[in-house]
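The values are calculated or read from the model by the stated rules, or taken from the named source; none is laboratory data. Nothing here was measured: the structure is a model prediction, and the numbers come from that model. All Cβ positions, even for glycine, are placed from backbone atoms using ideal geometry, and neighbour counts span all protein chains on display.
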Amino acid sequence: MCGIVGYIGGNEAAPILIKGLKKLEYRGYDSAGIAVYGDSINVVKTKGRLADLDEKVQSLGGVKGTMGIGHTRWATHGAPSDVNSHPHTSMNGRITVVHNGIIENYIQLKAELEKNGYVFASETDTEVVAQLFDYYYNGDMVDTLIKVIERIRGSYALAVMCTEKTDEIVAVRKDSPMLIGLGEGENYIASDIPAVLEYTKNYYLLNDNEIVVLKKDSVKILDMNKNEIKKDVYNVTWDISAAEKGGYDYFMLKEIMEQPKAIKDTIHPRIADGTIKLDDVKYTDEDIKNINRIHIIACGSAYHAGIVGKYVIEDFARIPVEVDLASEFRYRNPILNKNDVCIIISQSGETADTLAALREAKRQGIRILSIVNVVGSSIARESDDVLYTWAGPEIAVATTKGYSTQVALMYLIGLKFGQVRGYISDERVSELIGELDKLPEYIEKLIDLEKDIKVMAKEHHNSNDVFIIGRGIDYAASLEGSLKLKEISYIHSEAYAAGELKHGTISLIEDGTLVVAVATQDNLYEKLVSNVKEVKARGAYVIAIAKEGNTEIGEVADKVIYIPHVDDKFTASLNAIPMQLFAYYVAIERGCDVDKPRNLAKSVTVE
């Protein structure tokens, strides 16, 4: 979850580190710190946001030196505090470390080190790495790092400095992201591209347990046997302005507004001459016809996109689909068939639970098709086939355009598989492609409702409980709408399949309870209207989302948001917009930090 950055070159390191950490603050913002080598290693760290660290550094008159490492923290081991902040140093101050991940056997290692006279200052697992590195240090940073790696278990992206090595930083990753930025006379380490994009667009991506020796004029990458590894250089294709707010108060609002373009960029290149082309996905028609079952595996909003995908693929292609939370998949001893396919969904391509599930499926010989946003990410590299969601950088913790583009790819997969398997005629596919083509335009219309939705948010921002109900794909959309509301506004919100209300949950409805009723499935519309009447009879205040022309619901709901009329399978793309805007403005009214909701981080890279 945390973010790390490193720099070595001819310029002052501290400003570069702090600026880079500000680009990574979405990965964690409990505390932050930097370590810079001048005459010695100077560490400055503090509980709180990057602004607090910046202020502390300024109060010291700056921290001089041209080599350094930095960290912004999402707390796992030890509460947020100055002492638990990274970087961590060995007891004698010789070794300094930043770490993203979890060291699972740190208690055992800590006990061993304490028996050897090491005294610990913090509650963190990371301090063990610094002390262990010092214990094994023999004058060679790479040899020492290999010994440390052989002892620790868990996930890590590590960057290490030593007072006896004034011209190098060593780094390694396993199950946590790290890239190496390549400059002229300077080089960088970072958890994500935005941290270094101001300085370079060229970078290396690391595989697990690849060791980096970073100097200002060279980058050497080694395996665990110290054999040098040659790497392809990746080049960033988007500009730094894509990772800036661009005049918006929050990244989340900017990213909501970017959804028409993101969906267009995701769909249009994959439609040619009225047919769907899934990039270089190596599925023959025979492969598609022989699919036994699809397992969609994801976390959070990506999981909700997967539920939409289940409805779409089963309807269009008549393939049985199971949707699993990645954190549960590999622990339930899944039953997989040689003709099964796993679709892995992750915005970052680094989600720890999802990556672990992918590896379990591969261990059982199952073919992997991944849907990710970050080119060259771990999930992308370890998959058999990849479809990228061309959403561009997404900075806000609460995903919007990432989710929308994942859903768009679910449509394309369902249509492609359905056409090949003969369940959808070419004529019908052509009609549905025409509807997909209009989605960006329809989303623009819904974004134009921003002012009306802002008024609704102002009226309901003091709600204690909000229930979102729907049937079919509308239920999948409700799950995502509910998550958006609770993760950024901290209001208790639950999504329910509307048909389940009478099986217990309607007991939660009382006078004034806010219910959002999603009613955009034509074949379920009348039943949903009946469900609205049921909650209204118990005193609920109802905001409904319905298709244009379905005006009957306006006679029972208190407010109605109308979406353009599209095929039922595509409504999830439109329903998401008013629910995102509603969650956003409720959070604003409640004074919440929309981009950095409490206790959350953007990329979940630890289990």
(request) Return a yes/no flag: does the range 195-206 have any residue that is of a type outside the set (D, E, K, R), surrounded by fewer than 19 Cβ atoms within 10 Å (Cβ to Cβ), over 30 Å from Gly10 (Cα atoms) and without any contact (Cβ under 8 Å) to a residue 60 or more places away in the chain. (result) no
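Quick grid of which residues meet (1) touching a Pro at 6+ places or on another chain (Cβ under 7 Å); (2) aliphatic (A, V, I, L, M); (3) in contact (Cβ under 8 Å) with a residue 60 or more places away in the chain:
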{"site": "Leu369", "(1), (2), (3)": "no, yes, yes"}
{"site": "Asn373", "(1), (2), (3)": "no, no, no"}
{"site": "Glu382", "(1), (2), (3)": "no, no, no"}
{"site": "Lys416", "(1), (2), (3)": "no, no, yes"}
{"site": "Tyr423", "(1), (2), (3)": "no, no, yes"}
{"site": "Glu431", "(1), (2), (3)": "no, no, no"}
{"site": "Asp437", "(1), (2), (3)": "no, no, yes"}
(request) Could you list all residues from the range 162-181 that are in contact (Cβ under 8 Å) with a residue 60 or more places away in the chain and under 17 Å from Gly10 (Cα atoms)? (result) Thr166, Asp167, Glu168, Ile169
(request) Please give the number of the condition Val43 fails out of (1) touching a Leu at 6+ places or on another chain (Cβ under 9 Å); (2) among the hydrophobic types (A, V, I, L, M, F, W, C); (3) under 21 Å from Asn92 (Cα atoms). (result) (1)
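Assess whether Glu480 counts as being modelled with pLDDT of 95 or more, under 18 Å from the mean Cα position of the chain (by Cα) and outside the structural domain of Cys299 (by TED's automatic domain parsing). Walk me through how you get there before you give the answer.
On the way: modelled with pLDDT of 95 or more: yes; under 18 Å from the mean Cα position of the chain (by Cα): yes; outside the structural domain of Cys299 (by TED's automatic domain parsing): yes.
Spelling it out, Glu480 is indeed modelled with pLDDT of 95 or more, under 18 Å from the mean Cα position of the chain (by Cα) and outside the structural domain of Cys299 (by TED's automatic domain parsing).
Quick check on Gly365: is it in contact (Cβ under 8 Å) with a residue 60 or more places away in the chain, surrounded by fewer than 23 Cβ atoms within 10 Å (Cβ to Cβ), assigned to a loop (DSSP other than H, G, I, E, B) and small (Gly, Ala, Ser)?
On the way: in contact (Cβ under 8 Å) with a residue 60 or more places away in the chain: no; surrounded by fewer than 23 Cβ atoms within 10 Å (Cβ to Cβ): yes; assigned to a loop (DSSP other than H, G, I, E, B): yes; small (Gly, Ala, Ser): yes.
No; evaluated as a whole, the condition is false for this residue.
Working carefully through the options Tyr199, Tyr188, find the one that is outside any helix (DSSP H, G or I), hydroxyl-bearing (Ser, Thr, Tyr) and modelled with pLDDT under 95. Walk me through how you get there before you give the answer.
Working: Tyr188 fails: modelled with pLDDT under 95.
Residue meeting the stated conditions: Tyr199.
Table: residues versus (1) at pLDDT below 90; (2) of a type in the set (Gly, Ala, Ser); (3) touching a Leu at 6+ places or on another chain (Cβ under 9 Å).
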residue	(1), (2), (3)
Asp217	no, no, no
Lys230	no, no, no
Val233	no, no, yes
Val236	yes, no, yes
Ile240	yes, no, yes
Tyr248	yes, no, no
Lys254	no, no, no
Gln259	no, no, no
(message) Against the definition (crowded, with 24+ Cβ neighbours inside 10 Å, in contact with a Leu (Cβ under 7 Å, 6 or more places away or on another chain) and in the same structural domain as Tyr541 (by TED's automatic domain parsing)), how does Ile468 come out, yes or no?
(response) no
(request) Would you please name the residue that is modelled with the lowest pLDDT, looking only at residues in the range 1-18 that are outside any loop (DSSP other than H, G, I, E, B) and in contact with a Lys or Arg (Cβ under 6 Å, 6 or more places away or on another chain)? (result) Gly3
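Mind checking whether some residue in the range 533-540 is in contact (Cβ under 8 Å) with a residue 24 or more places away in the chain, in a helix (DSSP H, G or I) and touching a helix residue (DSSP H, G or I) at 6+ places or on another chain (Cβ under 9 Å)? Explain how you work it out, then say what you get.
First, the residues of the range 533-540 that are in contact (Cβ under 8 Å) with a residue 24 or more places away in the chain: 534-535, 538-540.
Keeping just the survivors that are in a helix (DSSP H, G or I) gives 534-535.
Narrowing the set further to residues that are touching a helix residue (DSSP H, G or I) at 6+ places or on another chain (Cβ under 9 Å) leaves 534-535.
Within the range 533-540 (the criterion being in contact (Cβ under 8 Å) with a residue 24 or more places away in the chain, in a helix (DSSP H, G or I) and touching a helix residue (DSSP H, G or I) at 6+ places or on another chain (Cβ under 9 Å)), the answer is yes, since at least one residue qualifies.
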(request) Please determine, by comparing only the residues of the range 510-550 that are more than 25 Å from Asp452 (Cα to Cα) and among the aliphatic types (A, V, I, L, M), which one is surrounded by the most Cβ atoms within 10 Å (Cβ to Cβ). (result) Leu524
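Please work out if Thr399 is in contact with a Lys or Arg (Cβ under 9 Å, 6 or more places away or on another chain) and within 21 Å of Lys277 (Cβ to Cβ).
Numbers: in contact with a Lys or Arg (Cβ under 9 Å, 6 or more places away or on another chain): yes; within 21 Å of Lys277 (Cβ to Cβ): no.
So Thr399 fails the test.
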